[in-house]
Amino acid sequence: MSETANRRPHRPHGPGARMMPGEKPKDLKGSLLRMLSFMGRFKAALVAVLVFAVGSTVFNIIGPKVLSEATTELFEGLSAKIAGTGGIDYHAIAAILATTLALYLASAACTFVQGWLMSSVSQRTCYQLRRQIAEKIDRMPLGYFERTSTGDVLSRITNDVDTLGMSLNQSLTQLVTSVTTIVGVLAMMLSINWVMTLVTLVILPVSAVLVGVIVKRSQRYFVQQQETLGLINGQVEETFSGHAVVRAFNQEDHAVASFERTNERLYESAWKSQFLSGLMQPAMNFVGNLGYVAVAVLGSFFAVQGVITVGDIQAFIQYVKNFTQPITQLAQVSNVFQMMAAAAERIFAFLDEPEVHDREATVTSEGISCDVEFDHVRFGYTPDKPVIHDFSACVREGQTVALVGPTGAGKTTMVKLLMRFYDVDGGAIRVGGHDVRDYDRADLRSLFGMVLQDTWLFNGTIRENIRYGKLDATDEEVEAAAKAAFAHHFIMTLPHGYDTVINEDASNVSQGQRQLLTIARAILADRRMLILDEATSSVDTRTEERIQRAMDNLMEGRTSFVIAHRLSTIRDADLILVINQGDIIEQGTHEELLAKGGFYANLYNAQFAKGGEALEEA
């Protein structure tokens, strides 16, 4: 299936062709609003989170004011004892401390419940997003995945969703508690002394300037970090999936150098974003310490004047600390929102990709004949570059039809159109007298069994891989299919026979053995129509002859489409369609086409004259 490769534009490993370092999300505000809209289904849980977050903060704010009464009671009692006019009221102090403990316990309980609820909401949000992405993949046109890196798609469903989940869990409640803390602490400080409060507020402009500078510089690095992570995923996935090719062409150094460049960009963006965001804490601590000094001096002065108590000074100092901390948290939350928005935008951009829209199915495949008609079919992967110009042919049920022609002629494209991986631009393809667009796609594809040149096996046992063609097949049926495909013998030579586990890239079985297993899978599926795309190209000549006999038995009574470069494999076909540049230039049986002495005859004679060279070299 090399035609796809021919028409795909060259691009670097992974999604780097589309992601530029430092590229900012197009609509940060829109992404965040859409994220909140998406979370609307968890409205009740979010309201509860907000209530418990506010409750936790309020209890925590009241604590220092209540505790200050104990400090005042202790100071006044100690002073009275020294003066000989009284003593320390330990019962009053104990009651105050018990009240303070109850407040902090209530705050801790609210924090626990709020954290549990928020974790549940964030993970359920991630669950829903992953499910929607998985469902979206099934509704998207094949063309999207032919032009998009697999690593980039994987990054959206893993890294981006995980980033969004973690950011959501941190940011929402922290935003609420920080705002509540600022408002509550400000009210409590004003209740103690308004002059000291005004002095404390002077630190806000200084803090705002520091935070603004840091956030502005760190924002683009957080976005770049997320995007480069998707790029590095694509590189790793592509390099490992093609590891054998990389080694065969001695391109290890090139692959490592390419990875190093991307890894360097990830390192640069990651350390800069983390370093800059990490500056906020020490900067805010410095400003906060200046506030402590001012409060201590003023507090001492007012205490001597009798305006406030010693306990009030202690409470005010605690409030100053509590006042600067939520400002720092708000700055950190802004960074987290940047990461969340970048991830959300990539996720929603994927979910917004155009889908395949079908008209309502009007026929089903049950009981129809398997006659196929190509009626003046026209198609191009892009509108300005047609691949199929005017293709017409009639195939009767039970016939074996071979499609031959040079690479890029349109053979595989016709098969993709037949199975509705793409829809025609003009004309029609009919199965059983009905336009394929009148069928449900899944229903239409249930008619076909497929064996492709590019074998696909998954990480599982050999038995499970063969059974993929018919999930409810018995072990006996699986083994019968393997015997029909001449795969049984080599399977039994493996350490665990049919229970041998094929690894992730199927490298523990040979290419020819993989082909035999996919043929066994197609035999087990027992579909009414077959598509064989160079199905025996990866096996030796002796095995090819045996498989060809098995395939002849399999194809008997079924409408079969065979794409072949080895012309020796299609000599017995009922009809051979010779395709060149998207048009049928010759058709007939093998003998008829040889007798014509035309394009097919030249290809056939050249192939055997050159010792079996591939058709595309003819």
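Structure above, values below:
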{"quantity": "Considering residues of the stretch 363-388 that are assigned to a loop (DSSP other than H, G, I, E, B) and among the hydroxyl-bearing types (Ser, Thr, Tyr) only, the residue least open to solvent (accessible area, probe 1.4 Å)", "calculated": "Ser365"}
{"quantity": "Val195 being in contact (Cβ under 8 Å) with a residue 12 or more places away in the chain, within 29 Å of Ile313 (Cβ to Cβ) and open to solvent by 30 Å² or more (accessible area, probe 1.4 Å)", "calculated": "yes"}
{"quantity": "Single residue of the stretch 574-601 satisfying the filter (assigned to a loop (DSSP other than H, G, I, E, B) and more than 16 Å from Lys411 (Cα to Cα)) that is least open to solvent (accessible area, probe 1.4 Å)", "calculated": "Gly598"}
{"quantity": "Boolean, Leu101 is part of a helix (DSSP H, G or I), closer than 25 Å to Ala342 by Cβ, among the aliphatic types (A, V, I, L, M) and at pLDDT 85 or above", "calculated": "no"}
{"quantity": "Where a residue in the stretch 315-334 is among the small types (Gly, Ala, Ser) and its partner, wherever it lies, is open to solvent by less than 10 Å² (accessible area, probe 1.4 Å) and in a helix (DSSP H, G or I), with Cβ under 8 Å and at least six apart", "calculated": "Ala315/Pro64; Ala315/Ser68; Ala331/Met280; Ala331/Met284"}
{"quantity": "Flag if Glu353 is open to solvent by 10 Å² or more (accessible area, probe 1.4 Å) and either in a helix (DSSP H, G or I) or closer than 30 Å to Ser273 by Cβ (or both)", "calculated": "yes"}
{"quantity": "Residue among Asp358, Asp352, Asp384, Asp312 that is more than 39 Å from the chain's Cα centre (by Cα) and of a type in the set (D, E, K, R)", "calculated": "Asp312"}
{"quantity": "Residue in the stretch 486-503 that is open to solvent by 40 Å² or more (accessible area, probe 1.4 Å), among the acidic types (Asp, Glu) and either modelled with pLDDT under 85 or part of a strand (DSSP E or B) (or both) present", "calculated": "no"}
{"quantity": "Selected residue (only one of Tyr292, Tyr267 is without any contact (Cβ under 8 Å) to a residue 40 or more places away in the chain and either of a type in the set (S, T, N, Q) or surrounded by 14 or more Cβ atoms within 10 Å (Cβ to Cβ) (or both))", "calculated": "Tyr292"}
{"quantity": "When residues of the stretch 441-454 are limited to those that are open to solvent by 30 Å² or more (accessible area, probe 1.4 Å) and touching a helix residue (DSSP H, G or I) at 6+ places or on another chain (Cβ under 9 Å), the one modelled with the lowest pLDDT", "calculated": "Gln453"}
{"quantity": "Leu516 vs. criteria among the hydrophobic types (A, V, I, L, M, F, W, C), surrounded by 17 or more Cβ atoms within 10 Å (Cβ to Cβ), farther than 23 Å from Thr559 by Cβ and touching a residue at least 60 places away in the same chain (Cβ under 8 Å)", "calculated": "no"}
{"quantity": "Single residue of Leu190, Leu231 found to be among the hydrophobic types (A, V, I, L, M, F, W, C), part of a helix (DSSP H, G or I), crowded, with 22+ Cβ neighbours inside 10 Å and in contact with a Ser or Thr (Cβ under 8 Å, 6 or more places away or on another chain)", "calculated": "Leu231"}
{"quantity": "Flag for Ala343 being in a helix (DSSP H, G or I) and either surrounded by fewer than 22 Cβ atoms within 10 Å (Cβ to Cβ) or among the hydrophobic types (A, V, I, L, M, F, W, C) (or both)", "calculated": "yes"}
{"quantity": "Contacts under 6 angstrom Cβ, first residue in the stretch 101-115 being at negative phi, partner assigned to a helix (DSSP H, G or I) and open to solvent by 50 Å² or more (accessible area, probe 1.4 Å), 6 or more apart", "calculated": "Leu103/Phe59; Leu103/Ile62; Ala106/Phe59; Ser107/Phe59; Ser107/Asn60; Cys110/Phe52; Val113/Phe52; Gln114/Phe52"}
{"quantity": "Residue ID - modelled with the lowest pLDDT, chosen from residues in the stretch 326-339 that are among the hydrophobic types (A, V, I, L, M, F, W, C) and open to solvent by 10 Å² or more (accessible area, probe 1.4 Å)", "calculated": "Ile327"}
{"quantity": "Residues located in the stretch 215-226, provided they are of a type in the set (A, V, I, L, M, F, W, C) and either crowded, with 22+ Cβ neighbours inside 10 Å or more than 18 Å from Leu279 (Cβ to Cβ) (or both)", "calculated": "Phe222, Val223"}
{"quantity": "Evaluation of Asn459 against (1) over 30 Å from Tyr144 (Cα atoms); (2) surrounded by fewer than 16 Cβ atoms within 10 Å (Cβ to Cβ) (one fails), failing number", "calculated": "(1)"}
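Matching residues to (1) open to solvent by less than 60 Å² (accessible area, probe 1.4 Å); (2) over 30 Å from Ser149 (Cβ atoms); (3) in contact with a helix residue (DSSP H, G or I) (Cβ under 8 Å, 6 or more places away or on another chain):
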position	(1), (2), (3)
Val179	no, yes, yes
Val209	no, yes, no
Val245	no, no, no
Asn250	no, no, no
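Listed here are the residues, each with its yes/no results for (1) over 12 Å from the mean Cα position of the chain (by Cα); (2) surrounded by fewer than 22 Cβ atoms within 10 Å (Cβ to Cβ).
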{"site": "Lys136", "(1), (2)": "no, yes"}
{"site": "Gly165", "(1), (2)": "yes, no"}
{"site": "Leu168", "(1), (2)": "yes, no"}
{"site": "Leu186", "(1), (2)": "yes, yes"}
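Results for (1) within 32 Å of the chain's Cα centre (by Cα); (2) not in a helix (DSSP H, G or I), shown as yes or no for each residue.
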position	(1), (2)
Asp390	no, yes
Pro406	no, yes
Phe421	yes, yes
Ile429	no, yes
Asp443	yes, no
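Let's see how each residue does on (1) open to solvent by 30 Å² or more (accessible area, probe 1.4 Å); (2) modelled with pLDDT under 80:
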{"residue": "Phe52", "(1), (2)": "yes, no"}
{"residue": "Ser56", "(1), (2)": "no, no"}
{"residue": "Phe59", "(1), (2)": "yes, no"}
{"residue": "Ala80", "(1), (2)": "no, yes"}
{"residue": "Ala83", "(1), (2)": "yes, yes"}
{"residue": "Ala94", "(1), (2)": "yes, no"}
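The values are calculated or read from the model by the stated rules, or taken from the named source; none is laboratory data. Here the structure is a predicted model, which means the values were calculated and not measured. Cβ sites come from the backbone with ideal geometry, for glycine too, and all protein chains shown count toward neighbours. All accessible areas refer to the heavy atoms of the entire protein, side chains included, with ligands and DNA or RNA removed. Shrake-Rupley method; radii C 1.70, N 1.55, O 1.52, S 1.80 Å.
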